[in-house]
Every structure is written in structure tokens, then in C-alpha cells.
Amino acid sequence: MSRHAAHDKRLLRRRFDRAAPGYDAVSMLAREVAQRMGERLDLLRAVPERVLDAGSGTGHGARMLRQRYPGAVVVEADFSLAMLRRSDRHAGWWRRGIARMTGASEPRACADIEQLPFANASFDMVWSNFALQWLGSPAAAIGELYRVLRPGGVCMFSTLGPDTLKELRAAYAQVDTHVHVHRFIDLHDYGDMLVHARLADPVMDMECLTLTYPDVRALLRELKAAGAGNTDPRRAIGLTGKGTVLRMERAYEG
């Protein structure tokens, strides 16, 4: 298995809560990947009646799924209550008004993917975009996704691979020995988790997407704004000093 340390989940939840108001402005990569995942749904013939968006964030994926499957119930689940509230605001005042009058609101649950509050075989489709990399135990989460999936259902997820932020990781490695960038799990290890969870006919696909920034500080600002700061429990305690950041910048840009 790849070297992997669980995230500090409490810290991560607080960061996502703080990031929720401005998350949509800095989530271009997640939206692009969601779009590519949505295109792959064209290959499916079955039309689901119940869909779970696990790690739904501000609801971009759920809104896309509701548009694609207008007759389906799409349930959003995220461990950040602030993200779910942001998703509710995106629904628009008229949809919230209809929900109050009819009682047919868009279902949302503040829940941890590693311990989903749903019955076995509850969903025809489970969708998860850019969520598994933030979990303490992705293997446990995949087991939960299998548990709530109906026989013959479809599970589709995306996550970040071990080359993510490799330039930033390498630059920090030239400065000190602390963990500044989380180590993401290898594709083959995810494949092993899927087999262990008894998901049938797993298909893994890898794409390399390159994002460019004017400088490393712009990258750091975006990561912070998205709530994606370092939550590795092996990180140094306290703030990273200005001298360390300056040396990292020189290493990164050199």
C-alpha cells in the first residue's frame, strides 16, 4: 500500500466550514472533473431512482445529477454543515418556497462517508467527486458506499492521485523534514480497496490535469480558500515561518 496518513478530520471539517462561503469561486478543478464524470454517465443505460452524492460540498454535483435525472431523488451527504447550507442557498428562493409548501425538500444529510446514516441497499447510484482523499480511511468509506448501493447499482467516484502537488511537496522537501503536503493514495491501492469491498467489475481511469499559477503564493491562497490546507497529523505544530516559506518559494520557482 502507498504511504498514507489519515487527515486530522476535526481540523479539516473546520476548514471546510470556513471555506464554504467562497468555495465555488476556487473549485474550478472539482467542477471540471465533475463535468468529465458526467460525460461518462452517457455510457449507462439504466436510469436511477435514488442517487447519493457522497461528499457533496456546495451541491454542484447534485445539481448536475438532478438535471440529468429529473425523476430521481438525489441525496446530498457531507460532513461540513456549512457546505450543505451553502448548497441549500444555491437551490434558489423559489425552490425553497416550494419545498416549504409541499414538504418535498431536496434531501441533505450532515454525515461522514465512513459511517453513512443510510440503510443497506438504499441507492441505485452512488456518486462521489473529490471526497475520498480527505478521509481517515478510504477503504472504510468504499465499504460504506458498497453497503448502501443496491445490487446492480453503479458507484462512480473521483479522487486525487499521488502526483498531486508533487512540485510543492518537492520544494518543501528541500527546506525541512516536516510534512507540508499530504501524500495521496495510488490508483492501484484504490483498485485493491474496490475488490476488497466486493464491488463488481471495477474500472479505473487516470487523467493528468495541469493547472498553472502566476506564482506559488497564488497556489497556496487557492488551497487555503478551498479548505484544502495541510491536515496531515505528521505536520509541524504551529505556523510555518516566513523564512521557511521564502526558501520554499525559491526552491519551487527555481
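Only helices (runs of 4 or more DSSP H) whose full extent lies in segment 130-216 are considered here, and none of them has at least 3 residues that are open to solvent by less than 30 Å² (accessible area, probe 1.4 Å) and among the small types (Gly, Ala, Ser).
If we scan segment 96-105, do we find a residue that is modelled with pLDDT of 95 or more and not charged (D, E, K, R)? No, there is no match, as no residue in segment 96-105 is modelled with pLDDT of 95 or more and not charged (D, E, K, R).
Residue pairs whose Cβ atoms lie under 7 Å apart, separated by 6 or more positions or on different chains, with the first residue in segment 43-57 and touching a residue at least 40 places away in the same chain (Cβ under 8 Å) and the second in a loop (DSSP other than H, G, I, E, B) and of a type in the set (A, V, I, L, M, F, W, C), are Pro48/Ala72; Glu49/Ala72; Arg50/Ala72; Val51/Ala72; Ala54/Ala131; Gly55/Ala131.
The values are calculated or read from the model by the stated rules, or taken from the named source; none is laboratory data. Keep in mind that what you see is a predicted model, and the values were worked out from it rather than measured. Quick reminder, even Gly has a Cβ in these numbers, built from the backbone with ideal geometry, and neighbours come from all protein chains shown. Accessible surface areas use protein heavy atoms only, side chains included; no ligands, DNA or RNA. Shrake-Rupley method; radii C 1.70, N 1.55, O 1.52, S 1.80 Å.
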